[in-house]
Amino acid sequence: MIKQFADSIRPVLEFPFVRRTRRNHALEHATIHMLSRKHRRLRVAGRASDGGFVLIGEVPTDQVEAAVDEALKRMKRGERGLAVHPNCGTNLVTTGFMTTAAAALGLSGGSSRRHLVDRFGIAMALVMAAGLAAQPLGQDLQKHFTTEGDPGDRPGEAGGGTRQGPGRELEKPEPHPDRRAAGLPG
């Protein structure tokens with residue numbers, strides 16, 4: 001059902017800025033997968049846009065660049081599953097929405113305190129079921145909507161990124177060519 005809906009709105013998912021964002025989101029996830037293999041207790045967060053992605057965490061830049069290069073090579077070889085990550089915000093939002101809706105449904109039908117107490121067990125069971133169903137649903141949403149496992153014709157190596165930290169200033173990257181051509185800021 002998720003795939004069919006994604007197919008029905010494919011033209012929107014293929015808008016250039018949407019496709020770039022989805023591909024960058026996928027590369028962000030794949031990079032985190034690569035880093036996780038070397039850092040067992042990796043704690044990073046990421047954010048993708050049409051201009052690239054940012055990782056926030058304590059990982060040396062050279063290791064991030066190597067992970068990006070490896071992730072991109074593997075995705076180009078067909079490892080599209082690297083685009084999906086279990087800790088993605090898509091999963092969190094999906095879980096939050098589904099469990100909230102389940103709780104509301106489970107507690108609906110009355111407003112007395114007694115009614116709420118009587119319905120608590122039903123609401124809890126619905127919340128647990130929704131929580132279990134949310135993980136695979138969130139991963140399907142990633143696969144078909146928020147990421148694109150095909151990296152397309154991206155350059156083969158990472159580079160040109162910026163790093164902000166103690167004693168460093170954030171460099172401003174060049175605007176994306178599509179933005180520059182449209183006269184938009186980077």
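Every number here is computed from the coordinates shown, using simple stated rules; none is lab data. The shown structure was predicted, so the numbers you read here are calculated from the model rather than taken from an experiment. Positions of Cβ are backbone-derived with ideal geometry, glycine not excepted, and every protein chain shown enters the neighbour counts.
Some notes on this structure:
- Förster radius 30 Å - calculated FRET efficiency between VAL12 and VAL54 (Cβ-Cβ, nearest 0.05): 0.75
- Multiplying the residue separation of ALA101 and ARG40 by 0.36 nm and subtracting their alpha-carbon distance yields 18.5 nm.
- The calculated FRET efficiency for the pair ARG47 and LEU116, based on their C-beta separation and a Förster distance of 35 Å, comes to about 0.35.
- Taking GluC sites (Glu not before Pro) across segment 1-88, the ones in a DSSP loop with at most 11 further Cβ atoms lying within 10 angstrom of their Cβ are GLU14, GLU58.
- Here the calculated FRET efficiency for LYS3 and MET128, from their Cβ-Cβ distance with R0 = 22 Å, stands at 0.25, rounded to the nearest 0.05.
- Cut-off 17 Å (backbone N to label point 7 Å along Cα→Cβ of ASP69), residues of segment 38-52: 38
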